[in-house]
Amino acid sequence: MSRKIILHCGAPKTGSTSFQHMLYENRERMLKAGFFYPGVSRKKREEDDIRIVLSNLKGEGNRKKEVRQVRKLIERLFAESGAHTLLISNEGLLGKPAIKGNKTFLPKAAESARLMAEALDGYDVEVRFFIRDFAGFLPSWYVQQVRMGNDMDFEPFARAYNFRKATWAPAVAALREHFGADRVEVYDHADLVKDAHGVFSRAFPTVMAALGEAGRNPPNKNSSIGRGMVSAYRRWNGIAERIGWSQKSRKTIQHLGRRYVLLPFERFSRSEKIRFDPETAKTMTARYRADIEAIKAAAPTPTL
């Protein structure tokens, strides 16, 4: 019997972190039911992290060596865990949104989908992809980038993106092309906000059944923060940029401030969240709705 892989490939800022925390916090319960989720660890070597190995696949070079590396790691995970199903969840598997000047919104999506499908050929793979209204996604993506070290204000950050190219449809089409249209399901983040348990149960029915009551209330992780907290992050990032003597030292300073000073205070953030102006938000939502209709029209069995 073919070994099963459930591939949760994002997109970013669509509840991926909450899902990952739920899996990790209940990994022993899931393993008893035959599901294995290789969690995130800062101590783990990159070559031992299947999420990173899949993210780093490249179209040039020694493809056979890369595929062997993926398969060797997956077989080791199956052997060590004894599971029948491996869950791989990483919101960056299809790459990041592109800055202005790129031809597509997710320029690496098509190539990443092709390479992952090649590396996972022979396994029984199901793919889940969550998408989000651009009016909410891009401000949330900006906040995430500030958390990770960017000190840019929102207006110039937003101008760096070509809004006319904002679309999830090509990424969905690439996943369907390389994994099979009947193996790829797409879900709307807005539905997840309304009923996280219900949406996760439709997207991952066997996993949620194994979780039982433990999956009844998925955690709300990595939620967006207000303007005041964003400003505090930006100021700290600017300080790290000035006092750091190398790229590595600047990242270390940013990380220490984020982890031990800023993160603990996020819960007290009450200021207004960063949003597009009403006209831009209306335009981006209209673009997203058109995207959903295009994705539905091309689906054998619509999941949106």
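Values in this text are rule-based calculations from the coordinates and carry no lab data. Quantities reported herein were computed from a predicted structural model and do not represent experimental measurements. Backbone-built Cβ (ideal geometry, glycine too); neighbour counts: all protein chains shown.
Miscellaneous remarks
- Answer from 130, 137 - the residue that is of a type outside the set (D, E, K, R), in a strand (DSSP E or B) and closer than 30 Å to residue 228 by Cβ: 130
- Residue list for the range 192-242, restricted to those being surrounded by 15 or more Cβ atoms within 10 Å (Cβ to Cβ), more than 20 Å from residue 25 (Cα to Cα) and either in contact with a helix residue (DSSP H, G or I) (Cβ under 7 Å, 6 or more places away or on another chain) or among the hydroxyl-bearing types (Ser, Thr, Tyr) (or both): 224, 225, 229, 230, 232, 233, 234, 236, 237, 240
For (1) of a type in the set (D, E, K, R); (2) closer than 27 Å to residue 299 by Cα; (3) surrounded by fewer than 16 Cβ atoms within 10 Å (Cβ to Cβ), each residue gets a yes or a no:
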residue: 159; (1), (2), (3): yes, no, yes
residue: 166; (1), (2), (3): no, yes, no
residue: 169; (1), (2), (3): no, yes, no
residue: 176; (1), (2), (3): yes, yes, no
residue: 181; (1), (2), (3): no, yes, yes
residue: 184; (1), (2), (3): no, yes, no
residue: 190; (1), (2), (3): no, yes, yes
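- Number of positions in the range 97-122 that are assigned to a loop (DSSP other than H, G, I, E, B) and surrounded by fewer than 16 Cβ atoms within 10 Å (Cβ to Cβ): 7
- Considering residues of the range 68-96 that are assigned to a helix (DSSP H, G or I) and in contact with a helix residue (DSSP H, G or I) (Cβ under 8 Å, 6 or more places away or on another chain) only, the residue farthest from residue 174 (Cα to Cα): 81
- Close pairs (6 angstrom Cβ cut-off, 6 or more residues apart or separate chains): within 14 Å of residue 89 (Cβ to Cβ) in the range 112-129, of a type outside the set (S, T, N, Q) and assigned to a loop (DSSP other than H, G, I, E, B) anywhere: 129/9
- Taking the range 250-304 as the range and being among the acidic types (Asp, Glu), out of contact with any helix residue (DSSP H, G or I) (no Cβ under 7 Å at 6 or more places or on another chain) and not in a helix (DSSP H, G or I) as the test, only 277 passes.
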